[in-house]
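Here is the structure we will look at, set down as structure tokens.
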Amino acid sequence: MTEKPQGSVPPRSGDAESGRLLDLGAQLLVRFSALLRTARTHDVSNQAFRRQLQEFMGVLQQVMEDEDEVALAAVADYFYLNGVRLKASASLLTTYHALIEEFERRALGGVRILHGVTPAEMERFLQLFMASEDPALAGRLPEAVAEASVEHIVLVAAADLDKDDLSRALDEQDPVGERGRAKKMFWRAVLGTKRIVVRAAQSGRPDLRQAKRLVQPIVDSIMKNEYSIVGLTALKEHDEYTYAHCVNVSVLSVSIGQALGLPRQALADLGVTALLHDIGKVAVPGDLLRKPAKLAPEEWKVVRRHPLEGVNMMFRMPGLTSLTLDAMRVSLEHHLNFDLTGYPDVEHEWGQATMTRIVAMADCFDAMTAHRAYSHRPRTPFEALQYLLGPARVQFDPAVLWALVRTVGLYPAGSVLLTSSNHVALAVSPNPQDLRRPFCRVLVRPDGTPLPEDAEETWDPMPGSESVVRVLRPEETSVDAQELLAA
Ligand SMILES: [Fe+2]
Ligand SMILES: [Fe+2]
């Protein structure tokens, strides 16, 4: 094989040149991901594939204009292009995390593409990359590429990657602490949920075992009183929101359950039932669910069937356990309210299960703050909380409503806060020790100067000397809360 220094990708500091790399890096990830998607469904001789390959080579050439090579490394959940960390902006989030997973699945640390690479080599590399989807072949990918005489593409196994330089850079800028771990867990859960939903649509029944596996780390984290993952539920503007909604409802439910004092096993079961609460939607035509306008009465009737469809799907699961029964009940009742308004129609003596009351609360809070094309703008999490505690409160069990406030705090993640010292800060995660003082990222200093993007200043949590004077509305500020939460 080739010479050794392939593993070392020196880090760089932020400068004009790295700005260009950031921009091209984002394009490269988008193109690479599109290329993989096309390669999954089309033969390499197909027009669509050729077009994608051409686009990818185009971006590659642009990077090469100023660089000796294109070295894309995946370290600790971040991509680095020639040593510059690529940010996962809101629009890039899902592509980014799906690609990280592709690398991880193959135990791949990085790809170096050298000057002189040809489309034919790229094509060969992609074929091998796709073939290594199989876990038995995954670890062999670097060898396979070397053996296939793809001379201008060198793969570095994760184990061989010289992480020192990179992880040092990472430690300085963005400690891979609790929040970093939470992000990883969150995206893993979103992608895993996507797989569960897609498979359920094909097989007609959800995979309960998979769901349990996804929920376990969430429960562990919340039991350890680590709440960064609760803050991540504030991320709404990305193209996998449908699946993230299930994860958000699961995370919020587990956290509400913990505030109510439920034991670990009950929390784990609650998390699974919450993750699957909307599974019946796979039986509803997608264009109805995505319709950007108000639904006609007969369309609405179809959508309102999803709680029952969910129960039907769960009946098809093998072996009837108490967890299956709980999941059925939560699916059936999650659009019922505490005052028994909502749907489906039930008799007056019907008692909504405690689990469902929790899931219904979490579902409402999450859905209210999500983007809907036909409303002028989604409610901010703070506005949602005001609404739930105000006019909507009769629809919820008061104890569960209280536990929601314990869970998300008085200024939920995503709120832009003006403080008593005239700072502007973004709430990023709740602080159960003091509901009025969340963990924050400082955005603007008292003299009005915004903090530079790379000089991240945080309050972990907001100090006791500060208090919130007002929550800013999106119209009043240029802050892109979604973009900052994603970073
Ligand atoms: Fe629903
Ligand atoms: Fe839902």
Among all lysine pairs in the chain that are eight or more places apart or on different chains, how many have alpha carbons less than 15 angstrom apart? 9
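Which whole-number percent gives the relative contact order of the stretch 178-408, counting Cα pairs below 8 Å spaced six or more residues apart? Mind dumping the intermediate values first?
On the way: 314 pairs, mean separation 49.7, N = 231.
Dividing the mean separation by the residue count of the stretch 178-408 yields 21 percent.
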Could you work out the helix-only [θ] at 222 nm for the chain, with each DSSP H run of four or more residues adding -39,500 (n - 2.57) and the total divided by the number of residues, to the nearest 500 deg cm²/dmol? -16000 deg cm²/dmol
Tilt, helix 16-41 to longest principal axis of the chain (alpha-carbon atoms), in degrees rounded to tens, equals 80
To test your reading of the geometry: what angle, between 0 and 90 degrees and rounded to tens, separates the Cα axis of helix 93-105 from the longest principal axis of the chain? 60
The stretch 350-454, relative contact order [Cα under 8 Å, separation at least 6], %: 18
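Can you give the net charge of the other residues whose Cβ lies under 13 Å from the Cβ of S45, counting K and R as +1 and D and E as -1?
Details: positive: R50, R51; negative: D43, E123.
Every neighbour counted, the sum reads 0.
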Starting from the Cα of N225, move 7 Å in the Cα-to-Cβ direction to define the label point; list residues of the stretch 240-258 whose amide nitrogen is under 19 Å from there. 254-258
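So for V405, V330, fewest C-beta neighbours within 10 Å to most, what's the order? Walk me through the numbers before you get to the answer.
Values: V405 17, V330 31.
Going from least to most buried by this count: V405, V330.
Within 10 Å, count the other beta carbons around each residue, average over each peptide in 244-253, 318-327, and list them highest first.
Numbers: 244-253: 28.2, 318-327: 14.1.
Highest mean packing first, the order is 244-253, 318-327.
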Between the helical axis of 178-203 and the dominant principal axis of the chain, each derived from Cα atoms, what acute angle in degrees is found, rounded to the nearest 10? 80
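Based on other C-beta atoms within 10 Å, arrange V359, V190 from fewest to most. Can you show the working numbers first?
On the way: V359 31, V190 26.
Least crowded to most crowded, the residues run V190, V359.
Using DSSP loop states and a limit of at most 12 other Cβ atoms within 10 Å to flag chymotrypsin sites (Phe, Trp or Tyr not before Pro), what is the longest stretch of the chain containing no flagged site? Could the numbers behind the result be given before it?
Numbers: sites that count: W350, Y374.
Here the longest run is 1-349.
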Quick calc, E299 & R37: beta-carbon distance into FRET formula, R0 25 Å, rounding 0.05, result 0.25
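Sort the chain into rounded, prolate or oblate with this rule: let a ≥ b ≥ c be the square roots of the eigenvalues of the Cα gyration tensor; rounded if a/c is under 1.5, and if a/c is not under 1.5, prolate when a/b is larger than b/c, oblate otherwise.
The shape class here is oblate.
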Over the chain, what is the relative contact order in percent, taking alpha-carbon pairs closer than 8 angstrom and at least six residues apart? 12
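Please go through the stretch 275-342 and write out the trypsin sites (Lys or Arg not before Pro) that DSSP classes as loop and that have at most 14 other C-beta atoms within 10 Å. Intermediate results must be reported in sequence, preceding the final value.
Values: sites: K281, R290, K294, K301, R304, R305, R316, R329; in loops: K294, R304, R305, R316.
Passing both the DSSP loop test and the Cβ count: K294, R316.
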Within a 10 angstrom radius of the beta carbon, how do K291, K236 rank from fewest other beta carbons to most? K291, K236
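Run the numbers for H152 and D68: contour at 0.36 nm per residue of separation, minus the present Cα-Cα distance, in nm. Please list the in-between numbers first.
On the way: separation 84, 0.36 × 84 = 30.24 nm, distance 1.21 nm.
Residue separation times 0.36 nm, minus the Cα-Cα distance, leaves 29.0 nm.
Determine the shape class of the stretch 317-430: with a ≥ b ≥ c the square roots of the Cα gyration tensor eigenvalues, call it rounded for a/c under 1.5, and otherwise prolate if a/b is greater than b/c, oblate otherwise.
Details: a/c = 2.22, a/b = 2.02, b/c = 1.10.
Judged from the Cα gyration tensor, the stretch 317-430 comes out prolate (a/c at least 1.5, a/b above b/c).
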Cut-off 15 Å, label 7 Å out along Cα→Cβ of A392, residues of the stretch 309-347 by amide N: 334-339, 341-343
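In a shell of Cβ-Cβ distance under 14 Å around R140, excluding R140 itself, what net charge do Lys and Arg (+1) and Asp and Glu (-1) give?
Details: positive: R105, R106; negative: E133, D134, E143, E147, D160.
Here the count lands on -3.
Throughout, read-outs are computed from the coordinates displayed, never taken from laboratory work. As the structure is a prediction and not an experimental result, all values here were calculated from the model. Every residue, glycine as well, gets a Cβ built from its backbone with ideal geometry; the counts of neighbours run over all protein chains shown.
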